[in-house]
1. Can you find a residue in the stretch 394-405 that is free of Cβ contacts under 8 Å to residues at least 40 places away in the same chain and farther than 27 Å from Thr436 by Cβ?
2. Thr188 passes all but one of (1) in a helix (DSSP H, G or I); (2) surrounded by fewer than 19 Cβ atoms within 10 Å (Cβ to Cβ); (3) under 42 Å from the mean Cα position of the chain (by Cα); (4) of a type in the set (Ser, Thr, Tyr); which number fails?
3. Which ones in the stretch 186-203 are farther than 19 Å from Ile168 by Cβ and among the acidic types (Asp, Glu)?
4. Go through Ile70, Ile87 for me and flag whichever is crowded, with 20+ Cβ neighbours inside 10 Å and either among the aliphatic types (A, V, I, L, M) or at pLDDT 90 or above (or both).
5. Condition first: under 30 Å from Phe360 (Cα atoms) and either in a loop (DSSP other than H, G, I, E, B) or not assigned by TED's automatic domain parsing to the domain that holds Ser348 (or both). Now tell me which residues in the stretch 289-326 satisfy that.
6. Name the residue, out of Glu199, Glu279, Glu275, that is assigned by TED's automatic domain parsing to the domain that holds Val113 and either in contact with an Asp or Glu (Cβ under 6 Å, 6 or more places away or on another chain) or free of Cβ contacts under 8 Å to residues at least 24 places away in the same chain (or both).
7. So Leu236 passes all but one of these: (1) among the aliphatic types (A, V, I, L, M); (2) closer than 23 Å to Val113 by Cβ; (3) modelled with pLDDT of 95 or more. Which condition number does it fail?
8. For the structure I just gave you, tell me whether Leu419 is under 30 Å from Thr3 (Cα atoms) and touching a Lys or Arg at 6+ places or on another chain (Cβ under 8 Å).
Amino acid sequence: METLRKLFNESHGIFVGLQRCEEERAARARNAQLVQVSKNYRSVIRACMEDMHQAAISTRDSALHSQYSIQVSILSAMELIWNLCEILFVEAAPAGPLLLRLLDWVQLHICDVDNMVREVLSSENPSKHKLFWNVVDIFVLQGRMDEARHLLSKEAIANPTSMKMYKILDDLMKKMPVPTLGNTQTLTEMELKWQHWHEECQRYLQDGTFASNSHMESICKILLGDENAILEKKELMTTWYHFLVTRLLYSHPTVKPMELRFYAQSSMDMFLGEESSPEPLDTILMAAFEFELHQVIKECSVALSNWWFVAHLTDLLDHCKLLQSHNLYFGSNMREFLLLEYASGLFSHHSLWQLGVDYFDHCPEYGRVYLELHIERIPLNTEQKALKVLRICEQRQMHEQVRSICKIMAMKALRNNRLGSALSWSIRAKDAAFATLISDRFLKDYCERGCFSDLDLIDNLGPSMLLSDRLTFLGKYREFHRLYGEKRFSEAARLLLMLMTAHIAPCSFWMTLLTDALPLLEQKEALILTLSTMNCPVIL
């Protein structure tokens with residue numbers, strides 16, 4: 001598919017850029033760069049996902065629609081997993097900012113309420129809309145307090161009797177302490193503020209302030225981190241990891257990275273219950289929350305449909321210096337193992353194989369061997385493709401492959417009676433025997449037709465004619481004809497006699513040389529001068 005081709009092409013550029021630039025950065029700058037690289041990968045995934053979604057909408061073919069929809073689901077899962085790995089491993093967000101990142105993750109991936117909000121706000125009386133409280137609840141569950149307060153203000157305006165409750169709830173939501181990026185306050189200070197706020201929420205709930213409005217009372221319970229109250233909104237959250245983040249927001253906002261595993265496992269158990277078993281995506285996300293990198297990569301390799309995801313994610317994690325202790329699982333470098341598998345897959349595609357070359361280049365242990373093996377299997381359908389492959393081999397000093405390609409192309413050209421191309425390829429291969437064979441064919445053609453084909457090639461052999469005696473003869477014999485045509489008879493005669501005495505002409509061509517000498521007999525002065533110069537007896 002064109003969209004997946006876009007994924008492979010654009011991620012290839014990100015990959016190559018990372019290999020070239022990452023080591024040149026200082027440690028701090030390198031961390032920021034790696035986060036940016038991770039975001040770049042995700043933006044490519046998201047762009048491809050949106051393209052695929054549009055393709056699914058626009059097609060009328062039900063089979064294609066189904067195929068596109070499956071790809072959208074796969075890409076969506078890939079971005080979801082990658083984003084979580086970015087938060088936990090690449091950025092390595094500490095306690096405080098960790099929760100903010102997880103909230104962003106939930107808002108981006110889990111529950112899109114934009115359409116629902118538009119529907120509610122476009123109605124004549126938003127607070128009376130059947131989805132009004134669902135939207136408010138979703139905003140609260142995702143920690144989007146400003147948006148929740150904005151909607152609640154419409155409820156207060158429409159129902160003046162609830163104004164007092166609204167103001168109290170609005171004040172609680174406004175004052176809720178949340179970690180902020182770049183904040184100088186310590187975790188202890190944050191926890192102290194949160195505890196005071198939590199106690200204030202508890203007092204209002206116990207006083208029955210919201211007893212007359214079940215919706216507001218439910219929101220207050222959620223603010224207090226009441227797990228049962230949050231689970232009552234299960235249908236609005238849809239996933240256990242949304243429940244996890246909401247639970248952390250209202251019960252443990254300063255959660256530390258290594259505490260996530262305990263909350264994640266209990267959240268999944270509570271949300272799914274005994275009747276449901278985890279899906280592959282659940283298993284992968286749980287492994288990430290448990291900081292089991294090897295398990296994440298292993299499960300993704302099994303669950304996803306190609307090596308693209310694990311190869312690029314593993315490479316990024318390796319640049320983060322996180323995989324050294326995991327190499328024992330693969331017997332060698334895990335990053336290289338996965339890159340080799342991905343690049344091998346690219347080589348099986350007629351238009352993506354060139355991308356695989358750069359991946360092999362950045363596999364220091366086995367990349368060269370794999371590249372040599374795969375290069376030899378590329379079908380050389382056209383000269384243009386052969387030249388591309390040849391250029392790759394020459395740049396990497398792969399001499400055996402260069403000779404092999406040139407021989408193959410020379411044989412193809414010879415079978416098609418394209419002598420010029422065959423000679424050009426044999427010269428490039430430095431194959432003296434083949435160059436001799438083709439030179440003989442040129443001379444045979446000359447004898448049959450009385451003229452040379454591919455004059456430009458023969459006229460510009462240069463030092464290449466020294467590859468074999470027969471090629472030298474071909475080049476010099478053509479030079480003789482050129483001199484004769486320019487009426488430079490003396491030089492032509494000298495060259496002809498040199499060819500006669502050098503013993504490099506094929507036996508079958510001697511009579512032709514003698515015949516060529518006949519016109520020079522008419523140029524007596526030139527021939528006598530030539531013979532005397534070469535110390536030959538003059539017989540006229």
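The values are calculated or read from the model by the stated rules, or taken from the named source; none is laboratory data. Given the structure is predicted, the values throughout are model-derived calculations rather than measurements. Because the Cβ atoms are built from the backbone with ideal geometry, glycine has one as well, and the counts that use them run over all protein chains shown.
1. Scanning the stretch 394-405 turns up at least one residue that is free of Cβ contacts under 8 Å to residues at least 40 places away in the same chain and farther than 27 Å from Thr436 by Cβ.
2. Thr188 satisfies all of (1) in a helix (DSSP H, G or I); (2) surrounded by fewer than 19 Cβ atoms within 10 Å (Cβ to Cβ); (3) under 42 Å from the mean Cα position of the chain (by Cα); (4) of a type in the set (Ser, Thr, Tyr) except (3).
3. Within the stretch 186-203, Glu189, Glu191 meet the criteria.
4. Matching residue, one of Ile70, Ile87: Ile87.
5. Those that are under 30 Å from Phe360 (Cα atoms) and either in a loop (DSSP other than H, G, I, E, B) or not assigned by TED's automatic domain parsing to the domain that holds Ser348 (or both): Phe291, Glu292, Leu304, Ser305, Asn306, Trp307, Cys320, Lys321, Leu322, Leu323.
6. When all the criteria are applied, what remains is Glu199.
7. (3)
8. no
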